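Visitor: I'd like to ask you about the structure that follows.
The values are calculated or read from the model by the stated rules, or taken from the named source; none is laboratory data. What you are looking at is a predicted structure, and each value in this text was computed from that prediction instead of being measured. When we count neighbours, we look across all protein chains shown, and the Cβ atoms used for this are built from the backbone with ideal geometry, even at glycine. Remember, those area values only see protein heavy atoms, side chains included, never the ligands or the DNA or RNA. Shrake-Rupley method; radii C 1.70, N 1.55, O 1.52, S 1.80 Å.
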Amino acid sequence: MDSTQNQINPVFAPFQAVGQILLSFFQKTGQLSSFIGKSLYHSIVPPFFPAQLWRQLVDIGYYSLPVVGMTALFTGMVLALQSYTGFTRFNAESAIAGVVVLSITRELAPVLAGLMVAGRVGAAIAAEIGTMRVTEQIDALTTLSVNPFKYLIAPRLIAATLTLPILVLIGDIIGVYGGYVVSIYNLGFSPGGYLSQTWDVVENMDVISGLIKAAAFGFIVAMMGCYHGFNSGRGAQGVGAATTNAVVSSSILILIFNYILTQVFFS
Amino acid sequence: MTSSSKTPKIEMSGVKKAFGNNHVLNGVDLVVPEGKSMVIIGGSGTGKSVTLKCILGLLSPDEGSIKIDGQEVTNLRPNERDELMLKFGMLFQGGALFDSLKIWENVAFGLIQGRGKNRKEAREIAVEKIKAVGLRPEVADLFPAELSGGMQKRVGLARAVAASPEIIFFDEPTTGLDPIMADVINQLIVEQVQEIGATGLSITHDMSSVRTIADYVAMIHEGKIVWTGPIDELDDSGNDYVDQFIHGRADGPIQRRVA
Ligand SMILES: Nc1ncnc2c1ncn2[C@@H]1O[C@H](COP(=O)(O)OP(=O)(O)O)[C@@H](O)[C@H]1O
Ligand SMILES: [Mg+2]
């Protein structure tokens, strides 16, 4: 069947294998970059589909509130508990409020919200767009003179990038509240003292850096969901693989970019 | 006027398309005259759908030329492509209805989103088309998942013709339907295409469909058009591929590749 492969001297086989891996790597990165470029272009050039954008704002933003809220609440609570058991050894209980608010706003709210949304929204985007690809609905859009990048991808990209910072801001507040509740009712701190310690420690940049991270993570989640869904393989198996790849790749990219952004903001 | 009657609506020459090592189209030449109905026949997996998708620009051919109304379309820019799509309607093999939208929104989709018509007007046209393909108007407010396969095909047909396109593609419109429903769909296709005065290009491996729809027939085999001619020459084409195909014989020049 494949005559060219049979002619290659076995000595060169390893080089060929490495070459193929490199080629496919460059091909994939190129494909992804051009996909991102196209998505951005169609996000800012009309026509727009406001009804689609609204639907995505509700789907991605509003319906992610419970899961992000619960994550933030329990994270804040457990932070207070853990720091207490640790800090009493050094008589440093007064640092608890600061530890909670800084950990939440700088790291935990954006990263955990990003990961939760990657699971909830990234998977849903990949599955929906992948199914549309497999059942030729994306081709149908094109033949009806509607650009799929404008109709499907731009609304998801914009909605995720805008709503994740809002979700994280709400998560910040809920997370701090979780720490407060545990400190006051469980550990016996005074309410006024805890809050004033929180305000003393936290600075604008702590919150803002977290929100910028959130926007980046929202973009990553939507982009990976759309990319893998749009290039989904054929059949149910193709959609399944697209969903898995979307969640895994966006989770890993979130962790990588979290490190990079932290480096940028705080060093 | 004289030049437009000579310029074919669709003209493909030497179109090639491969997916990796799978060489699907190996130089397709096809001419579809304006206002006529061309039917492509051929076994499954021979590249019929790929041919249509190349014309529509959903796939880009590796080589060759495709002209619509004499205009080369293989290297259009995205907005020129969107513009060109206004000439086309397509009924997809699997229906490809948008499952998050109601039936009437599906039918009106090209009118509302693609052509900027207002919803009220578009709904009226959609309901007309839904009735024209023999469905009750109450169907308009259902979702695609609530319809049977045959009803979905009708909706797909209504959607394809709703904006009165100049060129309509039908990809296996009758596959998977019972013979009576298949005949109903065939009749609807003829009716709708005639009403709009469109140029039709259909794909099928159903011979009764061919005889109902076609003005011209083209036979595709291993990525090439091996015979083309008017429908009344189909039975004595003198072409072994065609003869084997229309009589459904297992032996002949077309060998089933076991793969
Ligand atoms: N998007 C695609 N990616 C890879 N292979 C494809 C794609 N579309 C079609 N093919 C392959 O091209 C061949 C012809 O497919 P198709 O045109 O759908 O056949 P049919 O004549 O039944 O419509 C098949 O072998 C199919 O696997
Ligand atoms: Mg096909």
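Visitor: Among A:119-132, A:170-183, what's the highest-first ranking by average C-beta atoms within 10 angstrom per residue?
Guide: For the peptides A:119-132, A:170-183, the packing ranking is A:119-132, A:170-183.
Visitor: Additional query: Over chain B, with every protein chain in place, what whole percent of the accessible area is carbon and sulfur at 1.4 Å, could you tell me?
Guide: 48
Visitor: Same structure, new question: Show me the chymotrypsin sites (Phe, Trp or Tyr not before Pro) within segment A:14-95 that DSSP assigns to loop and that have at most 16 other Cβ atoms within 10 Å of their Cβ.
Guide: Of the chymotrypsin sites (Phe, Trp or Tyr not before Pro), the ones in loops of segment A:14-95 whose Cβ has at most 16 other Cβ atoms within 10 Å are A:48.
Visitor: If you take each beta carbon of peptide B:83-95 and count the beta carbons of other chains within 10 angstrom, what is the mean?
Guide: Details: counts 1, 1, 7, 2, 1, 4, 2, 6, 2, 6, 1, 5, 4.
Going residue by residue through B:83-95 and averaging, the value is 3.
Visitor: Can you give me the angle between helix B:119-132 and the longest principal axis of chain B, using Cα atoms only, in degrees from 0 to 90, rounded to the nearest 10?
Guide: For B:119-132 against chain B, the angle is about 60 degrees.
Visitor: If packing is taken as the mean number of other Cβ atoms within 10 Å per residue, what is the order of A:75-81, B:11-17, B:89-95, highest first? Working shown, then result.
Guide: Working: A:75-81: 21.4, B:11-17: 18.9, B:89-95: 23.9.
So the peptides A:75-81, B:11-17, B:89-95, ranked by packing, come out B:89-95, A:75-81, B:11-17.
Visitor: Here's something else I'd like to know. Identify which of A:20, A:82, A:197 has the largest mean-square fluctuation in a Gaussian network model of chain A, with springs joining Cα atoms closer than 10 Å.
Guide: A:20
Visitor: My understanding is that a pair violates if its Cα-Cα distance is over 30 Å; which of B:17/B:131; B:6/B:48; B:6/B:87; A:38/B:131 do that in this structure? Provide the component values of the computation, followed by the final result.
Guide: Numbers: B:17/B:131 39 Å; B:6/B:48 26 Å; B:6/B:87 19 Å; A:38/B:131 39 Å.
As for pairs spanning more than 30 Å Cα to Cα, those are B:17/B:131; A:38/B:131.
Visitor: Next question, about the same structure. Once you keep just the Cα pairs under 8 angstrom separated by 6 or more residues, what percentage relative contact order results for segment A:49-266?
Guide: Contact order relative to length: 35 percent.
Visitor: Quick one: which residues, 5 or more positions from residue B:57 or on another chain, have an amide H under 5 Å from its amide H? H modelled 1.01 Å from N in the peptide plane, none for Pro or chain starts.
Guide: none
Visitor: While we're on this one: Thinking of segment A:49-266 as a set of Cα atoms, what percent of all their pairs are more than 32 Å apart?
Guide: 28
Visitor: Using all Cα-Cα distances in segment B:23-135, what percent lands in each 10 angstrom bin from 0 up to the longest?
Guide: 11, 35, 34, 19, 2
Visitor: Percentage of Cα-Cα pair distances in the protein assembly as shown greater than 37 Å, rounded to whole percent?
Guide: In whole percent, the share of Cα-Cα pairs in the protein assembly as shown beyond 37 Å is 44.
Visitor: Antiparallel as a % of all DSSP beta bridges within the protein assembly as shown, to the nearest 5?
Guide: Percent antiparallel among DSSP bridges in the protein assembly as shown is about 55.
Visitor: For segment A:148-238, what relative contact order do you get, as a whole percent, if you take Cα pairs closer than 8 Å and at least 6 residues apart? Before the final figure, lay out each step's value.
Guide: Values: 47 pairs, mean separation 46.2, N = 91.
Computed over segment A:148-238, the figure is 51 percent.
Visitor: Before anything else, pin down the relative contact order of chain B: Cα pairs under 8 Å, at least 6 apart, normalised by residue count, whole percent.
Guide: 24
Visitor: Per the 1.4 Å probe, what fraction of the accessible area of segment A:49-266, in percent, lies on carbon and sulfur atoms?
Guide: That share works out to 70 percent.
Visitor: What are the semi-axes of the equivalent ellipsoid of chain B, taken as the square roots of 5 times the eigenvalues of the Cα gyration tensor, listed largest first and rounded to whole Å?
Guide: Its equivalent ellipsoid spans semi-axes of 30, 22, 17 Å.
Visitor: When the solvent-accessible surface of protein heavy atoms is calculated with a 1.4 angstrom probe, in what order do A:234, B:249, A:89 fall, highest first?
Guide: Working: A:234 225, B:249 120, A:89 190 Å².
From most exposed to least exposed: A:234, A:89, B:249.
Visitor: Please identify the DSSP H helices in chain A that span no less than 27 Å along the helix axis (Cα) and have a mean Kyte-Doolittle hydropathy of -1.0 or more.
Guide: Taking the DSSP H segments of chain A (at least 27 Å long, mean hydropathy at least -1.0), we get A:13-44, A:65-87, A:154-181, A:204-230, A:235-266.
Visitor: Let me ask something else about it. Using only atoms on other chains, find how many Cβ atoms lie within 10 Å of each Cβ of peptide B:109-116 and report the average. Let's see the in-between values first.
Guide: Numbers: counts 6, 6, 2, 2, 11, 9, 3, 1.
Per residue, the number of nearby Cβ atoms from other chains is 5 on average.
Visitor: If DNA, RNA and ligands are ignored and the probe is 1.4 Å, what is the ranking of A:143, A:243 by accessible area, most exposed first?
Guide: Of A:143, A:243, the descending order of accessible area is A:243, A:143.
Visitor: On average, how many beta carbons from a partner chain sit within 10 Å of the beta carbon of a residue in A:143-156?
Guide: Mean shielding by partner chains, rounded to a whole number: 5.
Visitor: Shifting gears a bit: Sort the following peptides by mean Cβ neighbour count (other Cβ atoms within 10 Å, averaged over residues), highest first: B:129-139, B:37-47, B:113-123.
Guide: With the highest mean Cβ count within 10 Å placed first, the list reads B:37-47, B:129-139, B:113-123.
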